[in-house]
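Handing you a structure now.
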Amino acid sequence: MTLPRPQDFLLNTISGTRVVVRYRLENGFTDALGYLLSVTDGACTIRTRQSDVEIPLALVVAAKEVPPPPPRRGARTARE
């Protein structure tokens with residue numbers, strides 16, 4: 001069984017889908033976790049918590065859909 005290339009997965013995924021993308025850096029790899037904003041033949045843009053990240057598709061080594069984040073916890077209250 002052969003899996004689709006991560007670039008093909010990104011090109012065929014609907015904008016707004018939550019994804020994680022692993023891509024190559026000069027000294028290793030890193031991940032971008034967030035919502036897919038756009039994909040072209042050359043790059044994809046992921047909205048992470050900190051910023052929008054544009055990733056050249058040639059550097060992508062893995063990509064997949066991930067579930068929504070868990071609900072945020074309520075504020076902690078002081079114990080009596």
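The values are calculated or read from the model by the stated rules, or taken from the named source; none is laboratory data. Since we're looking at a predicted model, the values are computed, not measured. Counting neighbours? That spans all protein chains shown, and the Cβs are built from the backbone with ideal geometry, glycine included. Calculation scope for accessible area: heavy atoms of the full protein, side chains included, ligands and nucleic acids excluded. Shrake-Rupley method; radii C 1.70, N 1.55, O 1.52, S 1.80 Å.
Taking the stated definitions as given, is R18 among the charged types (D, E, K, R) and surrounded by 14 or more Cβ atoms within 10 Å (Cβ to Cβ)?
Numbers: among the charged types (D, E, K, R): yes; surrounded by 14 or more Cβ atoms within 10 Å (Cβ to Cβ): yes.
Taking the combined requirement at face value, the residue satisfies it.
Test Y35 against the criterion of being of a type in the set (S, T, Y) and in contact with a helix residue (DSSP H, G or I) (Cβ under 8 Å, 6 or more places away or on another chain), and give yes or no.
Details: of a type in the set (S, T, Y): yes; in contact with a helix residue (DSSP H, G or I) (Cβ under 8 Å, 6 or more places away or on another chain): no.
Answer is no for this residue.
Same structure, new question: What tally of residues in region 26-37 results from selecting those that are over 20 Å from P69 (Cα atoms) and in contact (Cβ under 8 Å) with a residue 12 or more places away in the chain?
If we filter region 26-37 for residues that are over 20 Å from P69 (Cα atoms), which is where we start, we get 26-29.
Right, trim to in contact (Cβ under 8 Å) with a residue 12 or more places away in the chain and you get 29.
Qualifying residue count, region 26-37: 1.
Still on this structure, I have one more. Cβ-Cβ under 7 Å, sequence separation 6+ or interchain: first residue in region 53-80 and closer than 16 Å to R24 by Cα, partner part of a loop (DSSP other than H, G, I, E, B). Which pairs?
Qualifying pairs under 7 Å: P56/G42; L57/G42.
If you go through region 29-80 one residue at a time, how many are assigned to a strand (DSSP E or B), of a type in the set (S, T, Y) and open to solvent by 30 Å² or more (accessible area, probe 1.4 Å)? Can you show your working first?
As a first pass, look at region 29-80 and keep what is assigned to a strand (DSSP E or B): 29-39, 43-47, 52-56, 60-65.
Restricting the remaining residues to those that are of a type in the set (S, T, Y) gives 30, 35, 38, 45.
Adding the requirement that they be open to solvent by 30 Å² or more (accessible area, probe 1.4 Å) leaves 30, 35, 38.
The total comes to 3.
Any residue that is of a type outside the set (G, A, S) and in a strand (DSSP E or B) - is there at least one of those in region 11-19?
First, the residues of region 11-19 that are of a type outside the set (G, A, S): 11-14, 17-19.
Those still in the list that are in a strand (DSSP E or B) too: 18-19.
Yes, that holds for at least one residue.
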